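Asker: Quick one: structure below, then a few questions.
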Amino acid sequence: MKIICAENYQEMSEKAAAMIAAQVIMKPQAVLGLATGSTPIGTYRQLIQWYNEGKLDFSQVTGINLDEYRGLTGDHPQSYRYFMQRHFYDYVNIDPARTYVPDGADPDAERACRNYDQILREAGGIDLQLLGIGLDGHIGFNEPGENFIGETHCVKLTDSTLAANSRFFSEGEQMPREAYTLGIRGILQAGKVLMLADGRDKADILQQAFRGPVTPRVPASILQLHPDFTLIGDKEALRMLLS
Ligand code: F6R
């Protein structure tokens with residue numbers, strides 16, 4: 001595991017974008033595993049800037065997202081499909097047919113999840129997986145539990161995740177309580193895994209995940225076993241891990 005400490009959010013985002021850019025330059029047909037949430041927004045912004053400057057070409061890239069709320073269609077402003085369009089895909093030359101997000105509109109969880117695993121298999125797996133981390137240690141929406149679940153599956157979001165993500169939903173709006181997420185196997189099989197974390201409130205969970213035991217109670221802890229795992233954090237997020 002490599003830990004890279006950035007001065008602030010901006011520097012963390014630039015370093016992460018540089019790693020993704022290197023992946024796309026080395027392999028133009030790269031399969032990128034992508035995340036939503038507030039953490040990677042600056043990374044996407046930097047990638048868009050380099051694309052606009054003619055430094056990057058996404059025309060052969062495939063994007064496979066981690067997760068989606070069950071019950072939201074892609075045009076819902078809080079859906080992760082919508083997020084990806086608004087923060088990244090609408091601004092670069094990626095082929096829309098090669099961008100994937102689990103189908104939150106499919107009420108048949110089993111079918112939606114098996115279809116997504118099939119997409120992952122057909123893409124040949126992920127070259128570089130970008131991740132954030134939840135305050136409860138989730139990666140994708142693999143929430144703390146008794147076991148690690150390998151395949152794409154439907155999860156009940158924990159109270160901690162519901163509380164953290166409710167900020168994105170307007171008052172009175174019903175927030176979905178379930179999501180479809182790539183499983184731990186899909187994430188661990190990625191050639192490289194890149195986690196980003198910023199801010200003081202992530203310090204404690206990072207310490208638990210990467211200084212504590214590997215346990216499904218802290219799903220991110222499994223990344224200790226990945227052969228090419230990099231964590232880029234700002235000083236605030238890494239303050240306990242590096243002390
Ligand atoms: C998002 C995802 C989640 C987030 C995590 C952190 O696709 O899979 O695991 O990475 O909830 O979210 P933020 O970045 O908003 O703190």
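Asker: In square nanometres, what is one fourth of the surface area of the convex hull spanned by the alpha carbons of region 165-243?
Answerer: On the way: hull surface 26.2 nm².
Mean projected area of the Cα convex hull: 6.5 nm².
Asker: Counting only the heavy atoms of the protein chains, how much of Thr62 is accessible to a 1.4 Å probe, in Å² to the nearest 10?
Answerer: Accessible area, nearest 10 Å²: 10 Å².
Asker: Measuring with a 1.4 Å probe in the full set of protein chains, what accessible area per residue, in whole Å², belongs to the chain? Mind showing how you got there, number by number?
Answerer: Numbers: 10850 Å² over 243 residues.
With the other protein chains kept in place, the chain gives 45 Å² per residue.
Asker: Provide the percentage of antiparallel DSSP beta bridges, counting only those with both residues in the chain; round to the nearest 5. Could the numbers behind the result be given before it?
Answerer: Working: 9 of 31 bridges.
Within the chain, antiparallel bridges account for around 30 percent of the total.
Asker: Ok, one more. For the chain, count all C-alpha to C-alpha pairs, find those more than 26 Å apart, and express that count as a whole percent of the total. Don't skip to the answer; put the middle values down first.
Answerer: Details: 9800 of 29403 pairs.
Result for the distance tail: 33 percent.
Asker: Per residue, how big is the convex hull of region 43-90 when only Cα atoms are used? Give it in Å³. Walk me through the intermediate numbers first.
Answerer: Details: hull volume 4.0 nm³, N = 48.
Taking the convex hull of the Cα positions in region 43-90, it is 83 Å³ per residue.
Asker: Whole angstrom only: what separates the Cα centroid of region 93-110 from the Cα centroid of region 185-243?
Answerer: The two parts, judged by their Cα centres, are 27 Å apart.
Asker: Using the charge dipole of the chain (Lys, Arg: +1 at Cβ; Asp, Glu: -1 at Cβ; taken about the Cα centre), state which of Pro102, Gly233, Tyr69 has its Cα farthest towards the positive end.
Answerer: It is Gly233, whose Cα lies furthest towards the positive end.
Asker: Suppose only helical runs count, i.e. DSSP H with n ≥ 4. What mean residue ellipticity at 222 nm does that imply for the chain under -39500 (n - 2.57) per run, divided by all residues and rounded to the nearest 500 deg cm²/dmol? Write down the numbers at each step before the final one.
Answerer: Values: 8 runs with 78 residues, N = 243.
It lands at -9500 deg cm²/dmol.
Asker: For region 73-160, what is the convex hull volume of its Cα atoms per residue in Å³? Before the final figure, lay out each step's value.
Answerer: Numbers: hull volume 11.7 nm³, N = 88.
Cα-based convex hull of region 73-160, divided per residue, equals 132 Å³.
Asker: Of all DSSP beta bridges in region 150-234, what percent run antiparallel (nearest 5)? Before the final figure, lay out the partial values.
Answerer: On the way: 5 of 10 bridges.
Around 50 percent antiparallel, to the nearest 5.
Asker: Also, quick follow-up: Would you please calculate the Kirkwood hydrodynamic radius of region 1-71 over all C-alpha pairs and express it in Å, rounded to one decimal?
Answerer: Details: mean 1/r = 0.0759 Å⁻¹.
Radius from the Kirkwood sum: 13.2 Å.
Asker: So how much accessible area does Lys55 have, in Å² to the nearest 10, using a 1.4 Å probe?
Answerer: Approximately 120 Å² of Lys55 is accessible to the 1.4 Å probe.
Asker: Still on this structure, please answer the following. Diagonalise the Cα gyration tensor of region 1-142 and give the resulting equivalent ellipsoid semi-axes, square root of 5 times each eigenvalue, largest first, whole Å. If you can, show how the numbers build up before the last one.
Answerer: Working: eigenvalues 115, 64, 45 Å².
Largest first, region 1-142 gives 24, 18, 15 Å.
Asker: So if R0 is 45 Å, what FRET efficiency would Ala21 and Arg111 give, r being the distance between their Cβ atoms, rounded to the nearest 0.05? Could the numbers behind the result be given before it?
Answerer: On the way: r = 36 Å, r/R0 = 0.80.
That gives a FRET efficiency of 0.80.
The values are calculated or read from the model by the stated rules, or taken from the named source; none is laboratory data. From a predicted model like this one, the values you see are computed outputs, not experimental measurements. Positions of Cβ are backbone-derived with ideal geometry, glycine not excepted, and every protein chain shown enters the neighbour counts. Keep in mind that these areas ignore ligands, DNA and RNA; they rest on the heavy atoms of the full protein, side chains included. Shrake-Rupley method; radii C 1.70, N 1.55, O 1.52, S 1.80 Å.
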